[in-house]
Amino acid sequence: MTIEAEARPIIGVIASRFPRAGGTSMLSGIGEQYLLAVEAGGGIPLLIHLTRDTAVIQAHYQRCDGLLFAGGGDVDPAIFGQLPTPSLARSSRCATRSSWRWPAGRSMIVSRC
């Protein structure tokens, strides 16, 4: 690794989950444009899968200089103690992603301040 590469910030990009075609398992990933945008901005993208393993989450925080929360399903209003509005389709909310990304963001902010 060159000195120039070592000086670039590592940006964790939170993956989405997608059903595998024809199967019962899930895929983790993100649109390539997000990764390319991090590179174009001078960062090194690190794809982070959704997990409830706090040790894995903490290890990501320690290695990343920032997080990119890419688009996806709506945030579950229950995180903020609210009920969903009728116009918010249940299928558009991703409970796993919502339950992971908000604590992840808060924890990273608190640990860096």
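Summary of values
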item	result
Positions within region 30-41 being surrounded by 11 or more Cβ atoms within 10 Å (Cβ to Cβ), under 23 Å from residue 4 (Cα atoms) and of a type outside the set (A, V, I, L, M), in sequence order	34, 39, 41
Filter result for residue 55 (at pLDDT 80 or above, surrounded by fewer than 14 Cβ atoms within 10 Å (Cβ to Cβ) and small (Gly, Ala, Ser))	yes
So residue 37, is it out of contact with any His (no Cβ under 9 Å at 6 or more places or on another chain), of a type in the set (Gly, Ala, Ser) and at pLDDT 90 or above	yes
Unmet criterion (only one of (1) assigned to a strand (DSSP E or B); (2) buried (at least 16 other Cβ atoms within 10 Å of the Cβ)) for residue 27	(2)
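The values are calculated or read from the model by the stated rules, or taken from the named source; none is laboratory data. Treat the numbers as computed from the prediction; the structure is a model and nothing was measured. Reconstructed Cβ throughout: ideal geometry from the backbone, glycine too, with neighbour counts over all protein chains shown.
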